[in-house]
Protein chains: 2
Amino acid sequence: MRTNQWPQVAVVGAGAVGCYFGGMLARSGVPVRLIGRAAHVEAIAREGLSIDGLRIQERIPVAATTSIAEGLRDAGVILFCVKTVSTEAAAREIEPFLAPDATILSLQNGVDNADRIHAAIQAHAIPTVVYVAAEMTAAGSVTHTGRGDLIMGYRAGWPQRPDLKPLASMFEQAEIPCRLTDDIAREQWTKMVLNCAYNALSALTRAQYGRMVQSEPVRDFGVRAIAETVAVARAEGVVLSEPAVVEAAMVLAEKMTAATSSMAQDIARGRPTEIDSLNGYVACRGKALGIATPVSEILVAMVKLLEESALKRRPMSSPANGLS
Amino acid sequence: MRTNQWPQVAVVGAGAVGCYFGGMLARSGVPVRLIGRAAHVEAIAREGLSIDGLRIQERIPVAATTSIAEGLRDAGVILFCVKTVSTEAAAREIEPFLAPDATILSLQNGVDNADRIHAAIQAHAIPTVVYVAAEMTAAGSVTHTGRGDLIMGYRAGWPQRPDLKPLASMFEQAEIPCRLTDDIAREQWTKMVLNCAYNALSALTRAQYGRMVQSEPVRDFGVRAIAETVAVARAEGVVLSEPAVVEAAMVLAEKMTAATSSMAQDIARGRPTEIDSLNGYVACRGKALGIATPVSEILVAMVKLLEESALKRRPMSSPANGLS
């Protein structure tokens, strides 16, 4: 493939994940349009997208818009990067502007987004597992602190198209490692395990991964959440080695000592979290499948209370407080 | 007793609890000196102590100082209201200024403050169980949202002096219900159970008591924390009825629907919490006594991480974040 052969790429939900991958693609010469919030779009139009990270510190000129219609014009590839709470809503928003042969890559957490997109608009999205630590730290600015790679594969039982190799090449030439797999469900559940181990606990304690695993009771609680997730995955037909994923979780904490979870960021910003797609999905499927998930359940319940508290942001000056 | 017979009262650690009880005493004519932080002391010197609450909305003229020496001058009664993390330090600070016949009332959470004060300065403090919902909402201003009563009694095996009846009368005439008991340990553990049920969960979720008990998994987790606390109390010789204390906890949440815990306030203010004296004490004694306390342990571990995070207050603008 030559540069002028890259398809037009639209990033739907250009937050940290979308801006990082969209920005890296744009930097490599791929035509990209970011669709995001006005504050980011305005800053990017004015000064380009700033990526401050491990590999690069650059301002990247890239098209950005708040308009779905404009963002999706001529798009052959859509990076679908919205939070999982918005999957159906965003799918319905893009539906009227989707070219018949457009490829939707779901760069989302959880294991059921492709199903949910299909149920909403009958499109066959390609599940794409994302490993990246990134955060929007200012308007039009993404800070990148870890990894930045993708795993793509066809969903079992769905059409095996389009050919994913050219897409993988497009990412690779943009310095985005992209592995193809014939077992994407296993990759989704492997990532799911890591999210279920850390995201909720990090949100509740505001703690960094390194500190969390140094606390024996917290580490043990995370390991129990992993065990429940592995049990539900197995009942769903995805057999993971529990010792291997526990080990992977510990390695993650070692590598990303200073990291906090995206869920912790959501809480800090008073935004809805992805808990329903993570431990909430495990608890829900566990219930349906007759698998006990007590740790997942309490984590979900606590995060939902915290989320509600953070959304309310009850001012400190009008408290109603409890027994001392 | 006539008004001019009331002893001089010193409030050590005049936060919300100290200001509420000290203020109510001063309002009734008892000579009171509050010893507290400069910001509160200055506001109280300028405009009096503001109590905004259930019973009264008043500004009360009351002496206030940052000086332990000045505050304790001629004090016959000391309301010892410091957070349990400061028990030994505060005891040592007041020791040089204590009159030989001064009575120390420990208006603190937890069950071991009298022991700790005795170990630190060989004084026999009177355990005093506090039921009040109050918060410092501005310099020199306490907002009072629930109860405001005391239970006092001699510690078993210690000298049964001074006579507590005149002290109870002093509180009662100041509209502070004050019950005397010959089993203060039972009262301390009863309050302990409520603190162990709600304080940590409210701190972690920032949730109000009413919302917490509406969440079945969170309510169940709280009930398990209660069961562990009751088991440790029993091993310590205090037999509580588990159904009765669970019921009391539910009634508390009904009565104080909109309340959050003092631990939630500590976290919000970036201050150390009392976790070591509450669920932490239960976990620690449980370990020594061979009683399993898994819920207490995980609550303690999570609160300790949260406390560390809140103390640090890592600025949002320099994040290091985890996998999305």
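The values are calculated or read from the model by the stated rules, or taken from the named source; none is laboratory data. All of these numbers come straight from a predicted model, not from anything done at the bench. Cβ coordinates were reconstructed from backbone atoms using ideal geometry, including for glycine residues, and neighbour counts include every protein chain displayed. Each accessible area value is taken on the protein alone, full model and side chains, heavy atoms only, with ligands, DNA and RNA left out. Shrake-Rupley method; radii C 1.70, N 1.55, O 1.52, S 1.80 Å.
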Revision key, fill the gap. Taking Cα pairs closer than 8 Å and at least 6 residues apart, the relative contact order of the stretch B:175-324 in percent is 28 percent
**Study point:** Surface per residue (accessible, 1.4 Å probe) for chain A, Å²
**Key:** 39 Å²
Practice item. One decimal, nm, shortest first: give the distances between the label point of B:Gly76 and those of the same position in the other copies, each label point 7 Å from Cα along Cα→Cβ. Key: 9.3
**Study point:** Protection-proxy order for peptides A:22-32, B:242-252, each taking the mean of Cβ atoms within 10 Å per residue, highest first
**Key:** A:22-32, B:242-252
Point to revise | Among the listed pairs A:Lys191/A:Lys287; A:Lys191/B:Lys312; A:Lys83/A:Lys304, those beyond 23 Å (Cα-Cα) | key: A:Lys191/B:Lys312
Check your understanding: Any idea what the relative contact order of chain B is, in percent, if you count C-alpha pairs under 8 Å spaced at least 6 apart?
Key -> 14 percent
Exercise for review: Give me a single rounded figure for A:202-210: the average over its residues of other chain Cβ atoms within 10 Å of their Cβ.
Suggested key: 6
Practice item. Return the carbon/sulfur percentage of the accessible area of the stretch B:171-324, one whole number, probe 1.4 Å, all protein chains in place. Key: 53 percent
Revision key, fill the gap. Residue-ordered couplings for the stretch A:139-154, obtained by feeding phi - 60° into the Karplus form 6.51 cos²θ - 1.76 cosθ + 1.60 and rounding to whole Hz (Gly and Pro as x), are 4, x, 10, 10, 9, 10, 10, x, 6, x, 10, 10, 10, 10, x, 6
Revision key, fill the gap. Looks like the stretch A:123-278, by Cα gyration tensor root eigenvalues a ≥ b ≥ c and the a/c under 1.5 rounded cutoff (else prolate when a/b is bigger than b/c, oblate otherwise), is oblate
Revision key, fill the gap. Looks like the stretch A:195-274, by Cα gyration tensor root eigenvalues a ≥ b ≥ c and the a/c under 1.5 rounded cutoff (else prolate when a/b is bigger than b/c, oblate otherwise), is oblate
Point to revise | Size of charge dipole - the protein assembly as shown - debye, nearest 20, with Cβ of Lys, Arg +1 and Asp, Glu -1, no other charges | key: 740 debye
Study note, to complete from the structure: Counting other chain Cβ atoms within 10 Å of each Cβ in A:261-273 and taking the mean gives 2
Review point. Cα extents of chain B along the three principal axes, largest first, in whole Å?
Key: 63, 50, 36
Point to revise | Positive minus negative residues near A:Lys287 (Lys, Arg vs Asp, Glu; Cβ under 12 Å) | key: -1
Exercise for review: Work out which residues of the stretch A:135-151 lose at minimum 20 square angstrom of accessible surface when the other protein chains are put back, relative to the chain isolated, with a 1.4 angstrom probe, and list them by number.
Suggested key: A:Glu135, A:Thr137, A:Thr145
Review point. What residues have an amide H closer than 5 Å to that of A:Arg147, excluding those fewer than 5 places away on the same chain, when H is modeled at 1.01 Å from N in the peptide plane?
Key: A:Ala133
Study note, to complete from the structure: With a ≥ b ≥ c from the Cα gyration tensor eigenvalues, square-rooted, and the rule rounded for a/c under 1.5, otherwise prolate when a/b > b/c and oblate otherwise, the stretch B:39-153 is oblate
Check your understanding: Hey, what did the stretch B:9-109 get for relative contact order, percent, Cα under 8 Å, at least 6 apart?
Key -> 30 percent
Practice item. State, in square angstrom and to the nearest 100, the accessible area buried between chains A and B, both chains counted, probe radius 1.4 Å. Key: 4700 Å²
**Study point:** Student exercise, chain B dipole from Lys, Arg, Asp, Glu Cβ charges, in Debye to nearest 20
**Key:** 480 debye
Revision key, fill the gap. homo-copy label distances at A:Gln173 (7 angstrom along Cα-Cβ), nm, one dp, ascending, are 9.2
**Study point:** Net charge of Cβ neighbours under 14 Å - reference A:Cys81; Lys, Arg +1; Asp, Glu -1
**Key:** 0
Point to revise | Other copies of B:Lys255: label-to-label distances in nm, shortest first, labels 7 Å along the beta-carbon direction | key: 5.4
Study note, to complete from the structure: In deg cm²/dmol, rounded to the nearest 500, the helical mean residue ellipticity at 222 nm of the protein assembly as shown, built from -39500 (n - 2.57) for every DSSP H run of length 4 or more, is -14500 deg cm²/dmol
Practice item. Would you tell me which residue of chain B has the beta carbon closest to the rotation axis bringing chain B onto chain A, and how many whole Å away it is? Key: B:Leu204, 3
Practice item. Keeping the other protein chains in place, figure out the carbon and sulfur percent of the accessible area of the stretch A:105-150, with a 1.4 Å probe. Key: 47 percent
